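Engineer: Right, I'll just put the structure down here and ask away after.
The values are calculated or read from the model by the stated rules, or taken from the named source; none is laboratory data. Quantities reported herein were computed from a predicted structural model and do not represent experimental measurements. Calculation scope for accessible area: heavy atoms of the full protein, side chains included, ligands and nucleic acids excluded. Shrake-Rupley method; radii C 1.70, N 1.55, O 1.52, S 1.80 Å.
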Amino acid sequence: PNRDDHATTPSAFEFFPDYRKHFQDGMFEFDRELLIIHNKHTREWGGHPVNFMPIDLLDRLFSVLKTRFEVVYIRPGLKPLSSDYSLDEQKDFAFADMELLQRHPEVTIFDDIVASLSSAMSYNEIKLRLYAHAHFHITVQGGNSHLVSLFSGGMTGVYHRFGQEIR
């Protein structure tokens, strides 16, 4: 609804759709509450990755949270990207999270969900439906933290080390 979300002024003319209501359809119901951990390991501001959850932090999160939640992990570039994934011109760097995930088989990899449903719906639709069923998110600074905010009634932790959003 505005061109610069870093310096926006709320307006009475802004309207945000209820994405949770629109996309929640029972597709992603689990015995435990769903928690999504969204990471990235990509070029930022022309340099190396800055705002990403390091392996030791992910290991602690997975170890503690997988017993209470159904944890889904998302990181674009973890596996080959779906053909309908929209690239944002930022290079992904190598990261050892796949090796970590092998030590935590209870954690579901989002790419595996996409692979199993790609004949029925697009990458983005799968993500929106998954988010509609999750009330708990841990994400990093960036575009995904903005998307999560469109799903009302949830709790989101944003890992942020650097960037103008910190203001």
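Engineer: Using modelled backbone amide H atoms (1.01 Å from N, in-plane), which distant-in-sequence or interchain residues come within less than 5 Å of L81's amide H?
Structural biologist: Amide H neighbours of L81, under 5 Å, 5+ apart: none.
Engineer: Which order do K91, K40, K21 take when ranked by solvent-accessible area (1.4 Å probe, heavy atoms of all protein chains), largest first?
Structural biologist: In descending accessible area the options line up as K21, K91, K40.
Engineer: If you don't mind, another one. Per residue, what accessible area does the range 74-158 have, given a 1.4 Å probe and all protein chains present, in Å²? Spell out each step's value before the answer.
Structural biologist: Working: 4270 Å² over 85 residues.
Value for the range 74-158: 50 Å² per residue.
Engineer: Now for a different question. Can you give me the long-range amide H partners of G157? Hydrogens built in the peptide plane at 1.01 Å from N, cutoff under 5 Å, separation of 5 or more residues or another chain.
Structural biologist: H137, I138, T139
Engineer: Using only Cα atoms, locate the centre of the range 61-117 and the centre of the range 121-152, then give the distance between them in Å, rounded to an integer.
Structural biologist: The two parts, judged by their Cα centres, are 14 Å apart.
Engineer: Rounded to a whole number, what % of the accessible area of the chain do carbon and sulfur atoms account for, probe 1.4 Å?
Structural biologist: 53 percent
Engineer: So in the chain, what percent of DSSP beta bridges are antiparallel if you round to the nearest 5?
Structural biologist: 10 percent
Engineer: Expected output is a single nm value to one decimal: the length gained when fully extending between H48 and L117, i.e. 0.36 nm times separation in residues minus the C-alpha distance. What is it?
Structural biologist: Here the segment from H48 to L117 would lengthen by 21.6 nm.
Engineer: Evaluate the relative contact order of the chain (contact order divided by residue number), counting alpha-carbon pairs under 8 angstrom at least 6 apart; express in whole percent.
Structural biologist: That works out to 34 percent.
Engineer: List every residue whose amide H lies under 5 Å from the amide H of M53, counting only residues 5 or more places away in sequence or on a different chain, with H placed 1.01 Å from N in the peptide plane.
Structural biologist: Long-range HN contacts for M53: K40.
Engineer: Over the range 23-72, give the accessible area per residue in Å² for a 1.4 Å probe, as an integer.
Structural biologist: On the way: 2490 Å² over 50 residues.
That works out to 50 Å² for each residue.
Engineer: Sorted by accessible area with a 1.4 angstrom probe, largest first, how do T67, T108 fall?
Structural biologist: So the residues, ranked largest to smallest area, are T67, T108.
Engineer: Sorting K127, K79 by accessible area (1.4 Å probe), largest first, what list results? Don't jump to the answer; show the numbers that get you there.
Structural biologist: Values: K127 25, K79 65 Å².
Descending order: K79, K127.
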